[in-house]
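Okay, so here's the structure we're looking at.
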Amino acid sequence: MSGKLSQQNSYTIADECSAKHFLSDPVRAVVAALRSLTLTNPSLVFDERNKIIYRHPSSIRDSSSKISLICGGGSGHEPAWVGYVGAGLLTACVAGTIFASPGAEQVRACVAHRLPKDSKGLLVIVMNYTGDVLNFGMGAEKARAMGQDVEMIVIGDDVGVGREKGGKVGRRGIAGGGLVVKVCGALAEMGASLKDVADVGRLVGRNLVSVASSLSRVHVIGQDVREADEEYKRMPYGTIELGMGIHNEPGCEQFKTDLPGIIKTMLKQLLDQNDKDRAYVKFEKSDEVVMLINNFGGLSNLELGAITDEVWNQLTADWDIRPVRLFQGVYNGSLNGLGFGVTLLRLADTGLGKGKSLLELIDSPSEGIGWPQAINIETWGQEFAKIKDTKLEGEEVKPSHIKVDPDQLKRALTAAVEKVIAAEPLVTKYDTMVGDGDCGAGLKRGAEAVLASLASEPPTADLLASFAPIVRAVETTMDGTSGALYAIFLNALAHNLRAQDTGTTQESTAQLWAAALQKSLGDLEKYTPAKPGDRTLIDALDPFVKTLASTTNMKEAVVAASKGSKNTIGMKPGLGRSVYVGGNAWQEVPDPGAYGLAEFLEGLATGISSS
């Protein structure tokens with residue numbers, strides 16, 4: 001059965017548990033993930049028995065002049081908090097199992113055996129969750145009993161749960177904790193006293209607010225998918241949960257809204273001073289602010305970037321706040337959570353003087369995979385002159401002597417691209433079966449751009465001048481392989497039409513078009529090895545061009561293109577994504593590119609005949 005799926009329909013619990021993950025054993029997953037940190041940062045050591053990641057003693061310069069910092073919590077939030085161990089950040093981190101606090105014995109082992117013996121104090125940083133506070137509190141007391149100077153910071157930055165509901169428990173700690181760790185770690189690296197580091201850490205906490213939203217529940221490694229399905233039912237399809245916690249805790253409210261709508265609500269919870277239940281930090285227009293956009297772990301970088309853009313636009317337009325620093329990525333994850341959080345930090349005065357402001361501490365260098373710092377500090381500080389966003393005009397087109405009926409050209413092209421737009425659902429269906437599903441959308445974008453171009457730059461009697469904006473519209477809107485092929489072919493066609501300009505007024509005849517099309521097909525062959533029989537758009541283009549050249553009859557050429565498209569049904573692919581996409585759907589449907597082109601040509605012929 002090696003390498004093959006079982007033909008039986010019965011599943012074991014292990015099958016159910018691993019249905020959404022490559023690993024089914026959560027303990028093994030945690031240990032392996034922790035061990036990997038020593039591979040990505042050679043200055044780290046892994047205590048597997050106690051699940052502690054700590055800095056190698058020889059990597060800490062002058063440990064007697066510095067305090068030690070420890071943090072920790074349940075696994076599943078990577079890179080927090082184990083990813084924050086390194087120079088300029090944490091000295092050590094203690095990890096629990098997935099979403100569970102590490103035990104008291106683990107914390108005791110870290111305090112007693114995994115920190116420099118000569119450090120001048122210990123700062124314990126934890127998120128505000130009961131298990132973490134109790135177990136790390138025990139570690140703090142153990143260190144005090146051993147004669148160490150100890151301070152403990154409990155971070156609560158979430159505003160999703162307001163004062164009334166939070167009660168005695170208070171705010172939960174979420175992604176904003178990363179900023180506390182970054183500031184405290186930088187200050188400790190400079191040799192600051194335990195009191196100063198703890199005071200500044202608490203200052204950050206008092207000026208920190210976060211809130212998160214999610215589209216679905218998290219699936220935990222090792223969890224039976226049937227149990228997970230029950231969790232998912234708590235969030236109806238099409239809803240967004242606001243105030244979502246990082247352990248599958250429910251949020252404060254569910255909404256049916258779009259991205260701008262949920263961000264508007266999130267920013268209101270973070271910033272509205274009239275909301276007395278949540279107005280934890282008073283932001284003034286003169287304040288400098290740091291913003292952090294946290295990915296729960298399940299969002300693509302593309303989507304996260306779009307979210308960041310929307311948050312920035314609303315924050316600057318509606319609240320007149322323009323952050324001086326912006327961090328985006330996974331800082332405090334929730335396994336595969338389809339959610340994100342927004343954190344805002346008001347930069348208050350540390351009172352420690354030059355070099356030790358909150359911004360300088362955030363900017364200071366560090367070594368931890370959880371705090372990637374790709375942008376140079378000088379780049380943030382430089383004033384870049386605003387470049388005017390002007391419309392890029394196409395190159396001026398040299399007039400030609402080849403004449404065309406502009407109304408006929410517009411009717412023909414309009415009929416052709418409208419045919420393509422109508423065919424998009426079917427083209428997308430075909431391409432989803434045999435490719436990556438983007439062909440229909442690409443053709444539709446190009447067709448809609450041509451329609452817009454015909455409206456904004458109507459054709460004139462000059463064929464080449466009328467043809468240029470059509471080519472430009474296709475070039476700028478169609479991407480992917482099809483877009484490149486169309487752009488090359490259309491530019492070659494423009495060149496080969498102009499090559500037939502005799503310098504005296506002439507009409508654009510079928511013979512003129514046929515000659516230009518034949519030469520353009522040859523030009524296209526310089527850039528693609530595709531031939532008829534490879535199951536590509538060439539299977540429709542080639543017979544169209546050759547039939548038009550031999551007959552100068554548009555209708556016969558279109559029939560040939562349609563036949564070429566239909567012949568791709570059952571044709572084994574020789575080029576394109578279909579070659580390596582699994583399955584045999586190519587036996588049932590035509591090539592999407594060939595089908596789309598055939599539809600365009602059929603619409604073109606209809607438009608010409610109706611003129």
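Every read-out reported here was derived from the displayed coordinates using simple, explicitly stated rules and does not represent laboratory data. The structure presented is a predicted model; accordingly, all values stated were derived computationally and were not measured. So basically every Cβ, Gly included, is an ideal-geometry build from the backbone, and we count neighbours across all protein chains shown.
Return the ratio Rg/(2.2 N^0.38 Å) for region 402-609, where Rg is computed over Cα atoms only.
Numbers: Rg = 16.4 Å, N = 208, 2.2 N^0.38 = 16.7 Å.
Rounded to two decimals, the normalised Rg is 0.98.
Once fully extended, how much extra length lies between residue 146 and residue 285, figured as 0.36 nm per residue of separation less the alpha-carbon to alpha-carbon distance?
On the way: separation 139, 0.36 × 139 = 50.04 nm, distance 4.73 nm.
Computed gain between residue 146 and residue 285 is 45.3 nm.
Among 402, 451, 138, which residue has its Cα positioned farthest towards the positive end of the charge dipole of the chain, with +1 placed on the Cβ of Lys and Arg, -1 on the Cβ of Asp and Glu, and the dipole taken about the Cα centre?
138
Lys and Arg at +1, Asp and Glu at -1: add these up for the other residues within a Cβ distance under 15 Å of residue 321 and post the number.
Net of charged neighbours comes to 0.
Under a Cβ-only charge scheme (Lys and Arg +1, Asp and Glu -1), can you give me the dipole magnitude of region 10-381 about the Cα centre, in debye to the nearest 20?
On the way: 39 positive and 44 negative charges, 178 e Å.
The dipole magnitude comes to about 860 debye.
Among 348, 155, 190, whose Cα projects farthest towards the positive end of the dipole of region 10-381, with charges put on the beta-carbon of Lys, Arg (+1) and Asp, Glu (-1)?
The Cα lying farthest towards the positive end belongs to 190.
Work out the charge dipole of the chain with +1 on the Cβ of Lys and Arg and -1 on the Cβ of Asp and Glu about the Cα centre, then indicate which of 263, 321, 209 is farthest towards its positive end.
209
Would any residue of region 19-41 have its amide N under 17 Å from a label point 7 Å out along Cα→Cβ of residue 224? List them or say none.
From region 19-41, the list is 19-20, 24-26.
Length gain on complete extension for the stretch residue 48 to residue 163, per 0.36 nm per residue less the alpha carbon to alpha carbon distance?
Values: separation 115, 0.36 × 115 = 41.40 nm, distance 3.93 nm.
Gain on stretching residue 48 to residue 163: 37.5 nm.
With θ taken as phi - 60° and the coefficients 6.51, -1.76 and 1.60, list the Karplus ³J(HN,Hα) couplings across region 334-341 in order, rounded to whole Hz; mark glycine and proline as x.
Values per residue, Gly and Pro as x: 9, 6, 9, x, 8, x, 8, x Hz.
Report, in debye and to the nearest 20, how large the dipole of region 442-580 comes out about its Cα centre when Lys and Arg carry +1 and Asp and Glu carry -1 on their Cβ. List each step's numbers first, then the result.
Working: 14 positive and 13 negative charges, 117 e Å.
Here region 442-580 has a charge dipole of around 560 debye.
Can you give me the C-alpha center-to-center distance between region 401-440 and region 446-493, rounded to a whole angstrom?
12 Å
Answer rounded, prolate or oblate for region 10-381, using the Cα gyration tensor with square roots of eigenvalues a ≥ b ≥ c: rounded when a/c is under 1.5, else prolate when a/b is larger than b/c, else oblate.
Values: a/c = 1.67, a/b = 1.10, b/c = 1.51.
Oblate.
Under the rule of -39500 (n - 2.57) per DSSP H run of 4 or more residues, summed and divided by the residues of the chain, what mean residue ellipticity at 222 nm is obtained, to the nearest 500 deg cm²/dmol? Present the calculation step by step, with values, prior to reporting the outcome.
Numbers: 20 runs with 268 residues, N = 611.
About -14000 deg cm²/dmol.
Provide the FRET efficiency to the nearest 0.05 for the residue 572-residue 401 pair, computing r from the beta carbons and using R0 = 56 Å. If you can, show how the numbers build up before the last one.
Details: r = 47 Å, r/R0 = 0.84.
Calculated transfer efficiency: 0.75.
Please enumerate, by chain and number, the lysines with C-alpha under 25 Å from the C-alpha of residue 120, excluding those fewer than 8 residues away in the same chain.
Leaving aside lysines fewer than 8 places away in the same chain, those within reach of residue 120 are 51, 66, 142, 182, 195, 354, 356.
Just the number, please: percent antiparallel of the DSSP beta bridges in the chain, rounded to the nearest 5.
Of all bridge pairs located within the chain, approximately 50 percent are antiparallel.
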